[in-house]
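The next block holds one structure in the form of structure tokens; read it before the comments.
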Amino acid sequence: MNKQMVKDSLVLFVITLVAGLLLGGVYAITKQPIAEAQETKKQEAYQMVFADAAEFQDVENWNIEDAVIVLQQAGYEKDIINEVKLAVDASQKPLGYVMTITSTEAYGGELQIALGIRKDGTINQISFLSLSETKGLGMEAKKPAFYEQFSGKQVSEFSCTKTGTVLENEIDALSGATITSNAVTNAVNAGICYAQNLGLEENEQGGGSDE
């Protein structure tokens, strides 16, 4: 009986080992293509949110740890700036910033957006890199009727409303998806906050009717 148990244990060990090696091999093979596909998707999103940019350059002294501190001090503890690039035109003139921002307060756990913000603080556009919300509710955030509310606005901070927008900084929340609406809005606000930290043209920024 003991010999049989040892034999069965050895067989199970071998099966587990082979399965682990196979999974490791598959991961090694697919890791690079997946990373390349994600990078391509991100670059396409950057171009979408900053269409007149010719190039996206590294931001001097940028690091994610400093961004975390800046956002936490401003109260954005559930938002992470994953990446920041400087958008420049064909003559290398700085136009603004593009960012990848992750919110951890979405109904589905996390969502991630690309944000384009000009040097004067005007939001170009946002684009979703990931969104796993409820179909027909939170997933409606991917429709222009919602996300285009941010475009062309120059405010210091947005806020969600369920009673219709009146002020420039107000975003009409999705029906039945207030959590998603707030998560997206706060992610954009986190981007505005960090862009201000990087340096906006303060003499021109913030001309919205909410001030």
Kindly provide the set of residues from the stretch 40-95 that are small (G, A, S) and touching a Phe, Trp or Tyr at 6+ places or on another chain (Cβ under 7 Å), ordered by number. A67, A87
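Taking the stated definitions as given, is L167 exposed (fewer than 15 other Cβ atoms within 10 Å of the Cβ), in contact with a Ser or Thr (Cβ under 6 Å, 6 or more places away or on another chain) and not acidic (D, E)? Talk me through it step by step, then tell me what you get.
Values: exposed (fewer than 15 other Cβ atoms within 10 Å of the Cβ): yes; in contact with a Ser or Thr (Cβ under 6 Å, 6 or more places away or on another chain): yes; not acidic (D, E): yes.
When the stated conditions are applied, L167 passes them.
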Pairs needed: first member in the stretch 50-63, surrounded by 11 or more Cβ atoms within 10 Å (Cβ to Cβ); second member anywhere, part of a loop (DSSP other than H, G, I, E, B); C-beta distance under 6 Å; at least 6 residues apart or different chains. A54/D89; A54/A90
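Quick grid of which residues meet (1) within 25 Å of T40 (Cβ to Cβ); (2) hydroxyl-bearing (S, T, Y):
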| position | (1), (2) |
| --- | --- |
| T102 | yes, yes |
| A114 | yes, no |
| L137 | no, no |
| A173 | no, no |
| L198 | no, no |
Residue list for the stretch 121-137, restricted to those being assigned to a loop (DSSP other than H, G, I, E, B) and surrounded by fewer than 16 Cβ atoms within 10 Å (Cβ to Cβ): S132, T134, K135, G136
Take the stretch 72-102 and flag every residue that is under 20 Å from I123 (Cα atoms), within 14 Å of the chain's Cα centre (by Cα) and not in a strand (DSSP E or B). Y76
Of the candidates S175, S151, the one satisfying the condition of being modelled with pLDDT of 95 or more, surrounded by fewer than 16 Cβ atoms within 10 Å (Cβ to Cβ) and in a loop (DSSP other than H, G, I, E, B) is S151
If the requirement is being aromatic (F, W, Y) and surrounded by fewer than 19 Cβ atoms within 10 Å (Cβ to Cβ), which of these qualifies: Y46, Y107, Y76? Y107
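The values are calculated or read from the model by the stated rules, or taken from the named source; none is laboratory data. Please read all numbers here as calculations on a predicted model, not as lab measurements. Neighbour counts run over all protein chains shown; Cβ positions are idealised from the backbone, glycine included.
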